[in-house]
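Peer 1: Structure in structure tokens, see below.
The values are calculated or read from the model by the stated rules, or taken from the named source; none is laboratory data. This is a predicted model, so every value here is computed, not measured. All Cβ positions, glycine included, derive from the backbone under ideal geometry; neighbour counts span all protein chains shown. Note: accessible area is taken over every heavy atom of the protein model, side chains too, but ligands, DNA and RNA are not part of it. Shrake-Rupley method; radii C 1.70, N 1.55, O 1.52, S 1.80 Å.
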Amino acid sequence: MNYSTMTKQQLAEELRKLREKYEEAKLLGLKLDMSRGIQDKDQLDLTQEMLTILHGGSDCISENGIDCRNYGLLDGLPEVKNIFSDILEVPAQNIIVCGNSSLNIMYDTVARAMLYGVGDGYEPWFGRKIKFLCPVPGYDRHFAICESLGIEMVNIPMTSEGPDMDMVEKLVSEDDSVKGMWCVPKYSNPSGIVYSDRVINRIASMKPAAGDFRIFWDNAYVVHSLYGLPAKQLNFFEELKKYGNDDMAYIFASTSKISYPGAGVAVIASSDRNIAYIKNIMKIQIIGHDKLNQLRHARYFGSYEGILRHMEKHAAILRPKFDCVEETFEKEFSGLGIAEWSKPEGGYFVSLNLQNGCAARTYELLADIGVKITPAGSPLPYGKDPNDSNLRIAPTFPPLSELKTALNMLCLCAKIACAEKICSERE
């Protein structure tokens with residue numbers, strides 16, 4: 001029965017039963033963690049052979065004759081560029097291969113703009129009022145970059161097709177202090193939304209008031225489908241060129257959730273002019289990234305097709321976990337009128353929306369019985385959810401048996417929080 005239509009007595013009785021179950025759960029001594037979207041051991045084991053794919057000096061020579069044990073090659077191995085070229089549908093010459101972390105590249109890219117500007121004579125962002133548009137719910141680490149560098153964040157609601165483009169276009173065209181926008185275009189974190197071609201076209205065709213406005217296109221889950229081949233999208237790089245906006249975006253990707261999160265390969269892609277500008281500053285920072293690791297990835301995967309075959313193995317491990325989330329939420333929340341949730345076709349997260357004012361209480365109740373999830377408010381800038389309703393669910397790491405327990409505890413705590421809220425409102 002819907003909690004909102006229950007009588008006061010019915011809801012009080014429901015809450016009493018829920019609290020009894022909660023007290024029983026306290027005695028279990030649970031220590032469960034589904035707080036971050038990380039690979040489980042079975043996924044990490046998929047690439048075990050990569051660790052021994054290089055055997056000696058002769059194995060360490062790249063296809064262009066570079067000895068990968070030595071200094072050099074600032075922008076990365078050509079064979080890795082070619083694989084990412086196919087993944088991102090961007091020419092290899094427009095890609096720089098870096099270290100293991102795309103988050104690191106994103107931070108450096110924002111920091112570079114703060115210190116030096118974005119090129120073409122634009123002033124550095126440091127010391128000026130800077131704003132970034134942040135589709136919400138979104139990736140907490142994007143928001144942390146902005147917060148750490150003093151960049152003001154503006155919430156942009158997400159629709160089923162991507163960011164609210166009416167709002168985005170208005171802000172970008174009218175306010176020249178808007179310098180950036182975060183985007184996770186495919187299987188977005190945490191809602192799993194895939195940007196529609198219409199939204200991608202509108203983003204690529206924008207005419208911002210600030211000439212140094214930049215889109216940070218974080219394609220973290222570009223090949224991370226759970227059901228079949230990855231979703232097809234309009235080629236963002238080509239759309240930018242069509243409207244003369246070649247320089248307006250930086251594209252990021254990595255193998256963090258393909259090979260090893262702590263030892264993958266990450267890239268940035270952009271226009272000819274942006275890539276030349278970035279390399280000119282990068283050469284002061286570093287002589288070259290870990291080319292042996294790049295070579296291991298190139299030899300192991302071989303091609304884009306090799307990546308897709310590998311991602312089918314990941315999907316086979318992850319699918320039962322996402323199915324478990326859907327089945328549990330449907331069973332526990334259906335008909336109660338207290339929760340809605342995303343049903344992603346890929347990526348690493350599920351976005352759960354409870355009644356307003358109930359997310360923080362749910363998080364608190366879970367913590368007290370030993371179940372760790374991402375803190376309430378994390379998917380929004382400054383960790384502040386004005387509705388106190390959203391929770392990011394990360395089902396990938398726990399074994400399936402532990403995940404089932406954690407999800408049942410989550411549903412129990414959410415029910416208590418929502419029932420308490422309705423009771424308090426009636427009083």
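Peer 1: Those residues that are within 22 Å of Ile87 (Cβ to Cβ) and touching a helix residue (DSSP H, G or I) at 6+ places or on another chain (Cβ under 7 Å), I need them from region 260-277; list them, please.
Peer 2: Matches in region 260-277: Tyr260, Ala263, Val265, Ala266, Val267, Ile268, Ala269, Ser270, Ser271, Asp272, Asn274, Ile275.
Peer 1: Still on this structure: Which one of these is more than 16 Å from the chain's Cα centre (by Cα), more than 24 Å from Ser270 (Cα to Cα) and open to solvent by 30 Å² or more (accessible area, probe 1.4 Å): Gly127, Gly121?
Peer 2: Gly127
Peer 1: Name, by its number, the condition in (1) more than 30 Å from Ala339 (Cα to Cα); (2) without any contact (Cβ under 8 Å) to a residue 40 or more places away in the chain; (3) open to solvent by 50 Å² or more (accessible area, probe 1.4 Å) that does not hold for Gly57.
Peer 2: That leaves (3) as the condition not met.
Peer 1: Additional query: Testing Gly262 on (1) at pLDDT below 95; (2) surrounded by 21 or more Cβ atoms within 10 Å (Cβ to Cβ), one condition comes back false. Which one is that?
Peer 2: (2)
Peer 1: Let me ask something else about it. Among the candidates Phe329, Phe301, which residue alone is in contact with a strand residue (DSSP E or B) (Cβ under 6 Å, 6 or more places away or on another chain) and touching a residue at least 60 places away in the same chain (Cβ under 8 Å)?
Peer 2: Phe329
Peer 1: Do the conditions hold for Ile369, that is, is it among the β-branched types (Val, Ile, Thr) and in contact with a strand residue (DSSP E or B) (Cβ under 7 Å, 6 or more places away or on another chain)?
Peer 2: Spelling it out, it is not the case that Ile369 is among the β-branched types (Val, Ile, Thr) and in contact with a strand residue (DSSP E or B) (Cβ under 7 Å, 6 or more places away or on another chain).
Peer 1: When both residues are 6+ apart or on different chains and their Cβ atoms are under 9 Å apart, which pairs have a first residue that lies in region 232-255 and is without any contact (Cβ under 8 Å) to a residue 40 or more places away in the chain and of a type in the set (Ser, Thr, Tyr), and a second that is in a strand (DSSP E or B) and surrounded by fewer than 16 Cβ atoms within 10 Å (Cβ to Cβ)?
Peer 2: none
Peer 1: I'm trying to understand the selection: among the residues of region 377-421, which are more than 18 Å from the chain's Cα centre (by Cα), open to solvent by less than 10 Å² (accessible area, probe 1.4 Å) and closer than 16 Å to Thr362 by Cα?
Peer 2: Selection gives Ala406, Leu407, Leu410, Cys411, Cys413, Ala414, Ile416, Ala417, Cys418, Ala419.
Peer 1: Can you find a residue in region 353-363 that is among the hydrophobic types (A, V, I, L, M, F, W, C), open to solvent by 20 Å² or more (accessible area, probe 1.4 Å), in contact (Cβ under 8 Å) with a residue 60 or more places away in the chain and within 28 Å of Gly162 (Cα to Cα)?
Peer 2: no
Peer 1: Just checking: which of the helices (runs of 4 or more DSSP H) contained wholly in region 139-252 hold 3 or more residues that are surrounded by fewer than 18 Cβ atoms within 10 Å (Cβ to Cβ) and more than 15 Å from the chain's Cα centre (by Cα)?
Peer 2: Passing ranges, in order: 165-174, 197-204, 236-242.
Peer 1: OK, next. For region 91-138, what are the residues that are over 25 Å from Val168 (Cα atoms), in a helix (DSSP H, G or I) and not hydroxyl-bearing (Ser, Thr, Tyr)?
Peer 2: Across region 91-138, the qualifying residues are Ala92, Gln93, Asn94, Asn104, Leu115.
Peer 1: For Leu308, only one of the following conditions fails: (1) touching a helix residue (DSSP H, G or I) at 6+ places or on another chain (Cβ under 7 Å); (2) surrounded by 14 or more Cβ atoms within 10 Å (Cβ to Cβ); (3) within 27 Å of Leu240 (Cβ to Cβ); (4) not hydroxyl-bearing (Ser, Thr, Tyr). What is its number?
Peer 2: (1)
Peer 1: Then there is this: Within region 318-352, work out how many residues are open to solvent by 40 Å² or more (accessible area, probe 1.4 Å) and over 19 Å from the mean Cα position of the chain (by Cα).
Peer 2: Summing the residues that are open to solvent by 40 Å² or more (accessible area, probe 1.4 Å) and over 19 Å from the mean Cα position of the chain (by Cα) in region 318-352 gives 11.
Peer 1: Let me ask something additional. If you check every pair at least six apart or on different chains, which have Cβ atoms under 7 Å apart with a residue in region 68-89 that is more than 17 Å from Ile278 (Cα to Cα) first and a residue that is assigned to a loop (DSSP other than H, G, I, E, B) and open to solvent by 20 Å² or more (accessible area, probe 1.4 Å) second?
Peer 2: Correct list of pairs: Tyr71/Ile287; Tyr71/Gly288; Pro78/Glu63; Pro78/Asn64; Glu79/Glu63; Ile83/Ser303; Ser85/Pro91; Glu89/Asn235.
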